[in-house]
């Protein structure tokens with residue numbers, strides 16, 4: 001799922017680069033090195049351009065030796081905007097050496113620069129932003145295990161820098177005065193000037209979906225932007241015995257899947273099969289491509305129809321839409337008992353309706369008219385059909401942040 005970013009304006013007086021309501025977007029599909037909106041000159045390969053299977057289609061491929069890519073020099077000026085987010089996906093194919101993923105540097109020093117490295121021995125990604133030695137910020141984030149594609153982002157809001165790995169917040173730092181970037185810096189994918197002195201190595205693997213926007217994005221924003229490659233998109237769920245679940249999957253370069261167990265699958269090696277389990281089951285799926293295997297899981301709980309209690313919707317008492325990806329949406333827990341929902345409505349303390357849906361799978365994100373709702377008590381009213389009978393449920397809950 002994608003989100004609509006705020007329309008922004010950034011003008012570089014030095015280069016004339018202008019972003020007006022547009023983002024800098026490289027998806028490399030068709031092995032095209034031009035950004036989607038044509039705002040900068042095409043990326044330049046150090047050697048013969050090579051592309052591999054990417055998040056959706058194609059991705060830049062680097063060989064760990066001679067193949068890396070340099071961006072338009074005008075990007076340096078975008079890296080000193082008051083507010084921005086830089087984000088990209090990468091798939092590593094070398095688990096031995098420290099490798100450069102992205103850099104905006106003039107030489108291998110901590111003088112007015114940005115560097116992002118892959119640390120395979122620790123399964124971490126490191127960001128370094130610096131003015132001079134002794135005045136810099138370094139942060140490391142852990143990669144989620146059993147994944148092929150990983151996502152990295154750094155955001156800046158005036159003097160505050162934030163780092164995200166696999167869409168999870170790692171650390172923020174307020175330098176009081178924003179770090180500069182040297183006027184003669186160059187911007188690279190898969191390379192940094194530290195390669196020349198042996199501190200870094202050329203990246204070996206794939207880089208895809210590079211975005212730059214003049215908005216400081218948060219973890220929920222980044223999650224919403226993610227295409228979740230190779231991931232099962234279904235949440236763990238409960239269904240009535242005899243019902244089925246259609247597996248939904250993010251994009252993948254894999255052509256088939258390995259499932260364990262295969263009981264109840266419509267096609268045992270299909271990436272997105274129909275699953276009709278006869279008992280509660282934890283399913284594990286493996287997808288292999290680009291020399292890498294991603295492992296994901298889906299739990300399907302089974303309940304007998306005779307065990308259904310139509311009055312028990314299992315509505316939460318507390319709701320915390322604070323962007324930590326835990327309890328961020330107020331929704332019906334026992335959706336499986338609902339055959340048809342006529343309405344799910346939420347009211348504030350003054351009785352004003354602030355949320356309505358007739359889709360049992362849709363919940364409330366804690367916003368009203370595009371702004372966070374106030375902390376306090378709220379009332380829900382739900383009208384639905386269960387076992388061919390009409391039911392009505394009313395209750396209250398607390399919104400906390």
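Each value in this text was obtained by applying a stated rule to the coordinates, not by laboratory testing. Since this is a predicted model, take the numbers as computed values, not measurements. For neighbour counting, all protein chains shown are included, and Cβ atoms are generated from backbone atoms with ideal geometry for every residue, glycine included.
Tell me, what is the percent relative contact order of segment 55-128, built from C-alpha pairs under 8 Å that lie six or more residues apart? Numbers along the way, then the final one.
On the way: 61 pairs, mean separation 14.8, N = 74.
Over segment 55-128, the number comes to 20 percent.
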>> Please compute the modelled spin-label separation between residue 32 and residue 122, points set 7 Å along Cα→Cβ, answer in nm with one decimal.
In response: 3.9
> Okay, helix-only estimate at 222 nm for the chain: each DSSP H run of n ≥ 4 adds -39500 (n - 2.57), divide by all residues, round to 500 deg cm²/dmol; what do you get?
Replying inline: -500 deg cm²/dmol
> With a 10 Å Cβ neighbour count serving as the proxy for reagent exposure, in which order, fewest first, do 197, 337 appear?
Replying inline: 197, 337
> Label points 7 Å out from Cα along the Cβ direction at residue 361 and residue 197: separation in nm?
Replying inline: 5.4
> In percent, how large is the relative contact order of segment 291-368, given Cα pairs closer than 8 Å and 6 or more residues apart?
Replying inline: 24
>> Need the C-alpha centroid separation for segment 321-383 versus segment 229-259, integer Å.
In response: 26
> In units of 2.2 N^0.38 Å, what is the alpha-carbon radius of gyration of segment 350-400?
Replying inline: 1.30
>> Sort 23, 263 by Cβ crowding within 10 Å, fewest neighbours at the top.
In response: 263, 23
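What percentage of all Cα-Cα pairs in segment 309-399 are separated by more than 23 Å?
In whole percent, the share of Cα-Cα pairs in segment 309-399 beyond 23 Å is 20.
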> Which translational diffusion coefficient, to the nearest whole µm²/s, is obtained for segment 81-220 from the Stokes-Einstein equation, given a Kirkwood hydrodynamic radius over C-alpha pairs, 25 °C and 0.890 mPa s?
Replying inline: 164
>> Sequence gap at least 6, Cα distance under 8 Å: using those rules, report the relative contact order of the chain to the nearest whole percent.
In response: 14
> Which number comes out as Rg/Rh for segment 143-261 once both Rg and the Kirkwood Rh are worked out on C-alpha atoms?
Replying inline: 1.07
> Which value in Å does the Kirkwood hydrodynamic radius of segment 233-362 take, with 1/r averaged over all unlike C-alpha pairs and then inverted?
Replying inline: 17.2
> How large is the Kirkwood hydrodynamic radius of segment 53-97, in angstrom, based on all distinct alpha carbon pairs?
Replying inline: 13.4
> Points 7 angstrom from Cα along the Cβ direction at residue 274 and residue 243: gap in nanometres?
Replying inline: 1.6
> Ranking 150, 289 by Cβ neighbours within 10 Å, fewest first, what do you get?
Replying inline: 289, 150
> Hey, what does the equivalent ellipsoid look like for segment 237-305, semi-axes from the Cα gyration tensor as sqrt of 5 times each eigenvalue, largest first, whole Å?
Replying inline: 24, 10, 10
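If R₀ is 22 angstrom, what is the calculated FRET efficiency for the pair residue 144 and residue 95, using the beta carbon separation as r and rounding to 0.05?
On the way: r = 16 Å, r/R0 = 0.71.
In this case the efficiency is close to 0.90.
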> When averaged across all projection directions, what area in nm² does the alpha-carbon convex hull of the chain cover?
Replying inline: 21.8
